[in-house]
Amino acid sequence: MTLWMSWSTGYLVHAIEKSEDITPGAYMAADKFASWWKFGDQVKFVIAGKPLPTGVTAIKGVVTDGWESEIATITVSAADIGKGWTWMPKEPGYYEVEFMTVNQDGSTTSMARAYRMKAKDAVRDFVLKKQGFAVVDNKPFPKQSDHQFGVCTYNSWKADMQLSSLIGFDLVRITAHWGPDGCGMVPDEVIEGTKGTYNWVGLDRMVKLYSENGFKLYCQVIGTPYWASPHPEEKGIIDICIDKATAYAPVDMSDWERFLDALVARYKDRITDWEIWNEPAMPGGSCYWSDTPENYAKLIKSAYSTIKKQQPESTVYNGGVGNNFFYHAFYKKLLLMDVDKYFDVFSIHGAWPEPFRNIDKYSKKRSKPAINTEWHAILQGNMQSSPILTDTNLSLRMMKELLFQFKQGLTKTMMFEIRNLTDKEAIPFCIENKIFTHSAGFFRRVPQAEPRLPSVIMAQFLSATGRKAKFIKEFQITNDSTAIILETAYGNTLVFWTEKEALNTKDIKEFSTAQSVLTDWEGKSIGLSENKPLKIKRVYYLSAPAMDRVDKMANVDKLISPKIIEKIKSKTKTTGQFVNGSLFDSVEKPSQIAENIWLKNDWRTKELKKDQQASNISAKAAFGSNSKGLDIVVEVKDGVHFQNESSAWWNGDSVQIAVDCENAGIPGGNAEFVFALTKNETVAWKILAADVYGNIPTQWSPNNAIAKYVQTNISRNGDITRYQIRIPWTELYPLIYDSQAEKELRVAIVVNNNNGEGRAEYLAWASGIGEEKDPSVYGLLKPIGESEPPTSNSANPTKK
């Protein structure tokens, strides 16, 4: 395993997993590439590895489905195992098999595979008793293809191309590396490592591999060479997975134009789609872009004119953007510079474009057509706070997000990625050892390429739709169901599922015609006359539905993104009050807070570690607005105060406070701070600064910096931690103080809790900090008039 240390996170990072196969003895290996069979073919595994131990009388294989229900048990004698272990499936689907030797005394021993993973100071072995395999019933795809579904690739391995073809993808996003931007790159993939000398070997190989195997190519261009970078001194400094020196626009834009001109001239007969960079965002928001929005505007304007001059029929895309504050604020700035004139189609890395469409509307811009050029369909990683999901739950999430993309009008989707970077069972080990990685592939990586349940479900979707899908209508069959009509290559198809109450085939029959066929998401056929209950949390397809019956059904709007679900939950509109006046004379002098001013209600707990014992932490907060600034008092009751962080203070006991400085609910207008009491100091840090639109406020701190002008006092008395904070209005620019205005404040608060075993939970008043940086879901504070003059209270800060 090759490891790098990230300067920004302190995490070890690696580009390609190279774990060691340590399978101790004989094992069974599939006789098909990637353990992938067509329905109707016999499944066969053969003996591999070391010889069978003496005394083994037979090999037993127990087949289960993706939900661990036993399907078949087949035993082959040791004398006949040379011919292989075989099974004839009755239905297509995803299956797993556990092989074991049968000993003379009747006992069994697992023929498990195993691999070893190493970290800087730790080693762990992973034992895999089961192997996954696929049995698919793919019919031939229509000859005419819109190339709607694809995959992102980062190498020219033939095996990865073959894995993509097995599922049915015929679109691929490749990358043209102008400079050596990433960790673990093959040297011949860097095109212009030396100025004026082009090395096309790596990109030629990738273009040839995919174009000759029926894939449409979409090319992302990224990475400023060291010689062109404004910061060559940062060469070798790795930020997550990117060499920091390459994450800037070039000093001389003519170098960029010359390179693009050569790139497009070489490949314009095979590539017409060009994406300019990857995930540019506000500084601190993306390891791929450390530069400013202004310099990205220069980069993409230059790229657009250069590409269009060489290839007028081309389609130019912005660098695909993710879904959080850093991207929203970045996009908002780009629109102020009219960058929308310099890309044809909007590229996103997520399943929901609506936050950007809201920014379009706010900026009085017309939204562009959108595609998803990097969909994290089943991604799980060590930077997430939520639990690692099972593949069954990931599959349902994947399908709901995919269908939501159609509903949002996205016309192409490229999945990230075909093979795991790290296999899912190893993620906890990576978390423990600070190895930055993820598991997002449709196939396992070690000890061999092997399908996961989502790969079969995606293959069946592509088979059922003929690789073409357009949203037509959404309705309900029952209250718990969601039903979608898609226009596909084979006509209309009804897609449906439930999550709590099972449907019956009789519920579906009324929507069928004589030509209809009902299948589940693995390709298993279900007779419509069987009067059979259908499984919950599984997707089903009904071909050739009765559209006259469908047309009578009322339209509904149940299929929405997880972000919108979070907003809907928050639309209960967490509300409270603040006083027009001071809460204290000085942050150093605790004062008595009137009971009616405290925000005591509407706090919710977000559990981050399921295995930790529940704590009794509680909190309350108060706000006051006066000419000196925004006064804030937060009292936290917590038996253990633990704060050993030196930069990521939110991982220890701390308080985060966010303010919408534009009162518009639009990303880019919000400021966020974190406050913490460490063993050595009191911390006031500005995580986010609201957009100043080119102005230069006085007594103002930028984002990701010490909140220089904020006054803070944090005291600990018994089990009470009291935060007294005064944020001057200059630190909240463009928010201003007006004592006469009946102005509301939009704020959010998070209280982080760590009892010495990691960040276990947080309390939140309103949303918009913990799950996503989103000012549209902040709580609303209304003024209640002038406060009583603050009185000193030198006794226990919590005494009333």
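The figures follow:
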quantity: Accessible carbon and sulfur surface of the chain relative to its total accessible area, %, 1.4 Å; calculated: 49 percent
quantity: For region 67-172, alpha-carbon Rg over 2.2 N^0.38 Å; calculated: 1.51
quantity: Rg followed by Dmax, in Å, when region 622-729 is reduced to its Cα trace; calculated: 14.3, 46
quantity: Interchain or long-range residues, amide H under 5 Å from N626's placed H; calculated: G581, D631
quantity: Bins of 10 Å, starting at 0 and running to the largest distance - Cα pair percent for region 434-507; calculated: 16, 30, 31, 17, 5, 0
quantity: Packing rank of 507-513, 778-784, where each peptide gets the mean count of other beta carbons within 10 Å, highest leading; calculated: 778-784, 507-513
quantity: Nonlocal amide H pairs with T57, under 5 Å, H built at 1.01 Å; calculated: V102, N103, Q104
quantity: Length released on extending from K60 to I736, taking residue separation times 0.36 nm less the Cα-Cα span; calculated: 235.9 nm
quantity: N295 versus Q144: modelled label distance in nm, points set 7 Å from Cα along the beta carbon direction; calculated: 4.7 nm
quantity: Furthest towards positive pole of dipole, F141, T422, Y94, structure part the chain, Cβ charges; calculated: F141
quantity: Pairwise Cα inverse-distance average, inverted: Kirkwood Rh of the chain (Å); calculated: 29.1 Å
quantity: Spatial extent of region 295-435: Rg and Dmax, with the Cα atoms as the point set, Å; calculated: 17.5, 51
quantity: Karplus-derived 3J(HN,Hα), 6.51/-1.76/1.60, for each residue of region 755-769, Hz, glycine and proline x; calculated: 9, x, 10, x, 5, 8, 6, 9, 9, 10, 9, 6, 10, x, 10
quantity: Square roots of 5 times each gyration tensor eigenvalue, C-alpha, region 469-589, largest first, Å; calculated: 46, 15, 13
quantity: Per-peptide average of other Cβ atoms within 10 Å, ordering 81-91, 30-40 highest first; calculated: 30-40, 81-91
quantity: Isotropically averaged projected area of region 324-364, using the convex hull of Cα atoms (one quarter of hull area), nm²; calculated: 2.9 nm²
quantity: Per residue convex hull volume, Cα atoms of region 194-290, in Å³; calculated: 116 Å³
quantity: Amide H contacts under 5 Å for N504, placed H, 5+ residues apart; calculated: L534
quantity: Gain on full stretching of the segment that runs from E681 to Y362 - 0.36 nm per residue minus C-alpha separation; calculated: 110.7 nm
quantity: Set of lysines near K606 by C-alpha distance (under 17 Å), chain-local residues within fewer than 8 positions excluded; calculated: K563, K567, K569, K620, K637, K773
quantity: Positive minus negative residues near R746 (Lys, Arg vs Asp, Glu; Cβ under 10 Å); calculated: -3
quantity: Chain lengthening between K470 and I706 when straightened (0.36 nm per residue, less Cα-Cα); calculated: 80.0 nm
quantity: Kirkwood Rh and Cα Rg combined as Rg over Rh, evaluated for region 152-214; calculated: 1.01
quantity: Two-site FRET efficiency, S314 against K235, from Cβ-Cβ distance with R₀ of 25 Å, rounded to 0.05; calculated: 0.20
quantity: Fraction of antiparallel bridges per DSSP, the chain only, in percent to nearest 5; calculated: 75 percent
quantity: Entries in K268/K400; K628/K782; K364/K782 that, when Cα-Cα distance is taken, lie over 24 Å; calculated: K268/K400; K364/K782
quantity: Net charge over other residues, Cβ less than 10 angstrom from the Cβ of M282 (K, R count +1; D, E count -1); calculated: +1
quantity: Calculated [θ] (222 nm, deg cm²/dmol) that DSSP helices of n ≥ 4 give over the chain, each run adding -39,500 (n - 2.57); calculated: -5000 deg cm²/dmol
quantity: Of K341/K558; K118/K686; K368/K506; K308/K470, pairs whose Cα-Cα distance is over 31 Å; calculated: K341/K558; K118/K686; K368/K506
quantity: Convex hull volume per residue for region 489-544, taking Cα atoms only, in Å³; calculated: 76 Å³
quantity: Within straight-line cross-link reach of K365, aspartates and glutamates at Cα separation under 16 Å, skipping those fewer than 8 residues along the same chain; calculated: D338, D340, D344, E354
quantity: Normalised per residue, the volume of the convex hull around the Cα set of region 15-112 (Å³); calculated: 127 Å³
quantity: Under 15 Å, Cβ to Cβ, from I238 - net charge with Lys/Arg +1 and Asp/Glu -1; calculated: -1
quantity: Per residue, in Å², the accessible surface of the chain once ligands and nucleic acids are set aside, probe 1.4 Å; calculated: 41 Å²
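The values are calculated or read from the model by the stated rules, or taken from the named source; none is laboratory data. Remember, predicted model here, so these are calculated numbers, not experimental data. Here Cβ is always computed from backbone atoms with ideal geometry, including for glycine, and neighbour counts include all displayed protein chains. Accessible surface is based on the protein model in full, side chains and every heavy atom, while ligands, DNA and RNA are left aside. Shrake-Rupley method; radii C 1.70, N 1.55, O 1.52, S 1.80 Å.
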